[in-house]
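What follows is calculated from the coordinates using simple rules that are stated; it is not laboratory data. Since we're looking at a predicted model, the values are computed, not measured. Don't worry about glycine lacking a Cβ; one is built from the backbone with ideal geometry, like all the others, and counts go over all protein chains shown.
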Amino acid sequence: MNRDPGHFREFSACLAREHRHNAIRMAGESGVRRAGTPVAASRTLGPALSASCTIFAAGCNFKFRERVRLAATGGNGACRFIRPCPRLPHRSPEPARMRILCAVHYQNIHHNEEIHRMVKMDCRLKEQGFSPGSCAVRTQREKLTACTAALRESGGKLERLIHALHLSRPENYFSIYQSGCNMSCRKCHSWQFSQIADGTWMSPEVVLGFALAYEKGVTLWEPRQKATAWHAQESCRCCGACVLYGERSMLCPAVLPRESIVLSPQGHGPARNILAFTGGDVMCRPEFYGRCASLVKEKTRLWVLLETNGFGLTAQNLDYLRDSGVDAFWLDIKAFDPDKHKWLTGCDNDRILGLPEQILARGFVLEVLSLYIPGLVEADQLTEIARMLARSDPKIPFTILAFFPEYKMRDFRPPSLTEMVKAYEQVTAAGLTSVRLGNLGQFVRTDEDLRYLLASLDGNAF
């Protein structure tokens, strides 16, 4: 393809044209290319091959759905394109973040091979006699399995692709946000890095370094049985009122001195002695988590919590994680109905529903959450999950989180206040004694809503 930008003259109409970045194709590579703006597409791929090629360019960020599409075809310098949508930059509060993904499909007279093919490695779940997950993760070049895209061995050490690490709210513990996942949840609120490989490669030794640094700033030392997100609310509501205004809020537990409250990227609260892995999930390959847990437990006084969808937690993997020193699991049960679970995640839930009993039998601390999704996972589904949990232990902490529209489910609405209150009442009636509502901002929008919630439920219910 001719690199003369004149072939892309009509890109001058693009409102994002002032945000230009150079993009260089590495010699010999093909597949997905990233560039700053549509203009860069003209110099991303280099000269055309003698065979024909088709270029598809899409510019977007996670704030909006529209896609710019450019089709340029030809060989030996010939090209044409479809003009991009002029509305695109208006939908982004940060147009400079727009990226172009150029996916190149090469054809020649000898073969016709799809570049974007799923690269499959030996699946640990299949080795243990189970079905693999829905684990396709996008990279710059192709789709790979999550354990291939976000887990590797380098220099004899395992490394995980980590998107971010920081003290999170309202959990009030140190969270490690992982890229890559063995489920493809339509509602995923972390899809920008769980479904797309993004982050920095880190070994367990590097994670230990962060853990040691975090431990020095711990302001609240919890016993092992409180190594959960659920128990965080017993000590702080993360409102910051005591720091910002010098007085406690109406719902403050009033158990911590002001000196225990610190500022993190997500707000005010204490720093509890817990290290958690969150975001993506590849616990079907547990060695990285096991090595991290053994190092952290040996060198620090932090508890290790794994936030998980449960799909990779086979009996064999649970035994390994227990022996490695993992303390607790936060199990996200997406749905009780198998068909709805499959639609939501791409995976079956037959093994997941049996996990609470298996986790407790091995001495782990357990908490469970489920989302209330109107029209899909409502009070009836949540009640079935509650009954199942109560049969194992009625004291299992259970959080009902209000769904918020994200990723491929932006057309679904959040639950209403009355729906959440009804779900709470039915779940507690099913036998659970430790239940809370979460994501209050999705269903408590006015002072009247707050008064209704306070009149309907005890303050410990949210």
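Odds and ends about this structure:
- Scaled against 2.2 N^0.38 Å for its residue count N, the alpha carbon radius of gyration of segment 305-370 is 1.08.
- Pairwise centroid distance, computed over Cα atoms, of segment 207-244 with segment 255-281, Å: 4 Å
- Relative to the current alpha-carbon distance between Leu251 and Arg224, full extension at 0.36 nm per residue lengthens the span by 7.2 nm.
- Label separation (Glu287 vs Val262): 3.4 nm, computed from points 7 Å beyond Cα along the C-beta direction.
- Between Glu127 and Gln140, the simple spin-label model (points 7 angstrom out along Cα→Cβ) gives 3.0 nm.
- Listed by chain and number, the lysines placed with their C-alpha closer than 18 angstrom to that of Lys299 are Lys216; residues fewer than eight positions away on the same chain are left out.
- Karplus-derived 3J(HN,Hα) values for segment 292-308, using 6.51 cos²θ - 1.76 cosθ + 1.60 with θ = phi - 60°, are 4, 4, 5, 5, 5, 6, 6, 9, 9, 10, 8, 7, 10, 10, 10, 8, 8 Hz; glycine and proline are entered as x.
- Count Lys and Arg as plus one, Asp and Glu as minus one, and take only other residues whose Cβ is under 13 Å from that of Tyr320; the net charge is then +2.
- Stretchable slack from His166 to Glu448, in nm (0.36 nm times residue separation minus alpha-carbon distance): 98.0 nm
- Take every DSSP beta bridge whose two residues both sit in segment 142-286; close to 75 percent of them are antiparallel.
- Net charge over other residues, Cβ less than 13 angstrom from the Cβ of Ala241 (K, R count +1; D, E count -1): +2
- Label-point gap, in nm, between Lys157 and Glu205 - each point 7 angstrom along Cα→Cβ: 0.4 nm
- Net lengthening on full extension, Arg413/Glu298 (0.36 nm per residue, minus Cα-Cα): 36.8 nm
- If you plug the beta carbon distance of Asp319 and Lys216 into 1/(1 + (r/R0)^6) with R0 = 25 Å, you get a FRET efficiency near 0.15.
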